[in-house]
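Shown next, in structure tokens, is the structure this report addresses.
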Amino acid sequence: MKLAHNILTMAKRNKTDSLKLKNTEFYKYWKYRHLTILILPTLLYFAIFAYGPMYGLQIAFKDYKFMDGILGSEWVGFEHFNYLFQLDSFWEVFRNTIVISLYKFIFGFPAPIIFALLLNELRNVLFKRFVQTVSYFPHFVSWVILAGIFTQFFSPSIGPINILLKGMGLEPIYFLADTHWFRTVLVSTDVWKDLGWGTIIYLAALAGINPELYESARVDGANRFQRVMNITLPSMYPVITIMAVLSIGKLIMDDFDQVFNLYNPAVYSVGDVASTYIYRQGLVDLQYSFATAVGLFKNAISLAMVLIANTIARKLSGNENSLW
């Protein structure tokens with residue numbers, strides 16, 4: 001009897017240990033290892049190109065010399081940051097970055113939401129697909145190509161807008177060299193380029209809405225606008241909140257490709273942003289340590305914005321509508 005009791009006890013213990021093992025994260029990853037392998041290329045990409053280069057951030061705290069290398073260069077602490085904060089040119093660049101990013105957020109963030117709502121209301125499937133395809137296409141075109149197109153489009157001599165202005169008896173405008181118009185060009189072209197691509201997430205959110213909700217609202221006499229305001233938008237709210245948090249975190253992260261290919265010295269005062277400033281300081285003037293300090297400061301501000309925005313979203317709407 002004692003032997004049987006011991007065997008039964010050991011069996012129960014083994015079963016308990018087995019259940020504990022199955023509840024571990026490692027077991028879950030091992031069970032679905034074939035699916036886990038699919039994410040390895042993405043993990044390797046971020047490990048090599050995102051986390052690996054972080055080793056070089058120490059350059060911001062050193063007097064980096066190419067011949068001495070990163071480890072052999074002399075530590076100078078926060079000397080580059082102290083110098084950075086004393087430069088008027090840096091604060092001008094910082095202001096330009098914030099202003100341009102705010103304009104892009106104000107006009108660019110709601111644009112895909114509105115466009116997704118409009119596409120959702122289309123009943124002609126073929127026309128809807130055609131509009132989606134046309135709106136997605138600019139996202140896949142490089143800013144190098146688009147910059148050439150926009151340079152011709154906004155040209156004061158052969159651009160269609162200025163030809164129209166001349167026909168109306170008005171003076172032509174050199175949009176890409178006019179400090180009053182350059183930011184408008186940056187914001188409008190950025191919204192146009194990413195409008196269709198940004199709608200993908202919102203269209204996916206719209207596809208998950210229960211059709212019975214619309215049927216019930218229609219039976220109750222709700223018109224199309226009322227259904228959008230009381231069913232569609234509230235159902236999209238979690239996705240909108242998460243995208244807003246991510247967008248706020250990007251307020252300091254400007255688009256280097258766009259600005260670099262469109263700006264010129266005539267509009268530096270309103271168009272020079274952090275990434276182009278880092279490029280000139282680091283790769284043109286070879287001030288590697290100073291450029292790294294600027295980049296580290298910019299990323300620190302971006303991280304702080306994400307944390308603050310996520311905290312506010314969690315306080316206002318709960319954990320289900322925040323990133324973590």
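Values quoted throughout were computed directly from the atomic coordinates according to the rules given, and no laboratory measurement underlies them. The model shown is predicted, which means the values in this text are computed figures rather than measured ones. So basically every Cβ, Gly included, is an ideal-geometry build from the backbone, and we count neighbours across all protein chains shown.
Take the residue pairs K193/K250; K28/K298; K128/K166 and return only those whose Cα atoms are more than 28 Å apart. Check vs 28 Å cut-off fails for K28/K298; K128/K166.
Per-residue Cβ neighbour counts within 10 Å put E215, E92 in the sequence E215, E92, beginning with the fewest. Highest mobility in the GNM of the chain, judged by mean-square fluctuation with C-alpha springs under 10 Å and restricted to A116, A60, A204, is found for A204. Here the Gaussian network model covers the chain, with springs between Cα atoms less than 10 Å apart; of V270, V99, V141, V141 fluctuates the most. If you take volume of the Cα convex hull per residue in Å³ from the coordinates, which of [x] 146; [y] 289; [z] 275 do you get? Correct label is [z]. Among the chymotrypsin sites (Phe, Trp or Tyr not before Pro) in the stretch 54-150, those located in a DSSP loop and surrounded by at most 16 other Cβ atoms within 10 Å of their own Cβ are F66, F78. With unit charges on the beta carbon (Lys/Arg positive, Asp/Glu negative), name the residue among M253, V239, T184 whose Cα is farthest towards the positive pole of the charge dipole of the chain. Of M253, V239, T184, it is V239. Here the simple spin-label model places points 7 Å from the Cα toward Cβ, and for Y27 and R95 these points are separated by 6.1 nm. Note on the chain: with a GNM built from Cα contacts shorter than 10 Å, the maximum mean-square fluctuation among L126, L203, L233 falls on L126.
About its Cα centre, the dipole of the chain is roughly 1920 debye, where the only charges are +1 on Lys and Arg Cβ and -1 on Asp and Glu Cβ.
FRET efficiency for the pair V144 and D220, taken as 1/(1 + (r/R0)^6) with r the Cβ-Cβ distance and R0 = 45 Å, rounds to 0.25. You can think of it this way: the chain between V125 and W197 has 24.1 nm of extra reach, that is 0.36 nm per residue less the Cα-Cα gap.
Ordering I59, I48, I163 by the number of other Cβ atoms within 10 Å of each residue's own Cβ, fewest first, gives I48, I163, I59.
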